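Everything on this sheet refers to the single structure shown next.
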Amino acid sequence: QVRFVEAGGGLVEPGGSLRLSCTVSGINFRIYGMAWYRQVPGTQRELVAEIGLYDRINYKDSVKGRFTISRDDDKNTVYLQMNNLQPRDTAVYYCNVGFTTPFHSWGQGTQVTVSS
């Protein structure tokens, strides 16, 4: 059974940075693209960034140039470095597989709040 464990969220002022991590178990991590999603209560979960095999990468337009997704296949972990955070980035961030339909199972997510 796949399991996603997200960490690294918190409260940060506008312009600040956070680095999220997500450790994955229960699947052969190396053969999957991975992705970060985010959700604001009352809205649909949206794709933020995804990284496939051979470092194929895709970003949501509003985070291009500010967020960087990366992965460590030896640690079954995907990261999201978020710089120049803005209040509109406030959401719960989740990871799941990328470049394909997400698994129905989701982790608990990690809350990111950007506020002065």
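Scanning the range 46-73 for residues that are in a strand (DSSP E or B) and over 13 Å from residue 36 (Cβ atoms) yields a single hit, 72. The residues of the range 107-116 that are part of a loop (DSSP other than H, G, I, E, B) and either polar (S, T, N, Q) or open to solvent by 70 Å² or more (accessible area, probe 1.4 Å) (or both), listed by number, are 108, 115, 116. Output yes when any residue across the range 57-69 is within 11 Å of the chain's Cα centre (by Cα) and either in contact (Cβ under 8 Å) with a residue 40 or more places away in the chain or over 21 Å from residue 100 (Cβ atoms) (or both), and no when none is. The answer is yes, given that some residue of the range 57-69 is within 11 Å of the chain's Cα centre (by Cα) and either in contact (Cβ under 8 Å) with a residue 40 or more places away in the chain or over 21 Å from residue 100 (Cβ atoms) (or both).
Would you mind stating whether residue 37 is on the phi < 0 side of the Ramachandran plot, surrounded by 14 or more Cβ atoms within 10 Å (Cβ to Cβ) and within 12 Å of the chain's Cα centre (by Cα)? So residue 37 passes the test.
Considering the range 47-67, the residues that are open to solvent by less than 60 Å² (accessible area, probe 1.4 Å) and charged (D, E, K, R) include one that is farthest from residue 3 (Cα to Cα), namely 66.
Here is a check on your reading of the model: is residue 37 part of a strand (DSSP E or B) and hydroxyl-bearing (Ser, Thr, Tyr)? When the stated conditions are applied, residue 37 passes them. Of all residues in the range 68-104, those being open to solvent by less than 40 Å² (accessible area, probe 1.4 Å), among the polar types (S, T, N, Q) and touching a Gly at 6+ places or on another chain (Cβ under 9 Å) number 1.
Selection of the range 25-34 for residues being in a strand (DSSP E or B) and either among the acidic types (Asp, Glu) or touching a Gly at 6+ places or on another chain (Cβ under 8 Å) (or both) yields 33, 34. Restricting 3, 66, 38 to residues that are among the basic types (Lys, Arg) and in contact with a Ser or Thr (Cβ under 7 Å, 6 or more places away or on another chain) narrows the list to 3.
Among residues that are open to solvent by 20 Å² or more (accessible area, probe 1.4 Å), in a strand (DSSP E or B), closer than 26 Å to residue 15 by Cβ and at pLDDT 95 or above, residue 43 is not included.
Please verify whether the range 74-90 includes one or more residues that are among the charged types (D, E, K, R), under 16 Å from residue 114 (Cα atoms) and either modelled with pLDDT under 95 or in contact with a strand residue (DSSP E or B) (Cβ under 6 Å, 6 or more places away or on another chain) (or both). Yes, the range 74-90 contains a residue that is among the charged types (D, E, K, R), under 16 Å from residue 114 (Cα atoms) and either modelled with pLDDT under 95 or in contact with a strand residue (DSSP E or B) (Cβ under 6 Å, 6 or more places away or on another chain) (or both).
For the range 8-34, a tally of residues being under 21 Å from residue 84 (Cβ atoms), surrounded by 14 or more Cβ atoms within 10 Å (Cβ to Cβ) and among the aliphatic types (A, V, I, L, M) returns 3.
The values are calculated or read from the model by the stated rules, or taken from the named source; none is laboratory data. For clarity, every value in this text was computed on a predicted model and none was experimentally measured. All Cβ positions, even for glycine, are placed from backbone atoms using ideal geometry, and neighbour counts span all protein chains on display. When the accessible area is computed, the model is the full protein with side chains, heavy atoms only, and any ligands, DNA or RNA have been set aside. Shrake-Rupley method; radii C 1.70, N 1.55, O 1.52, S 1.80 Å.
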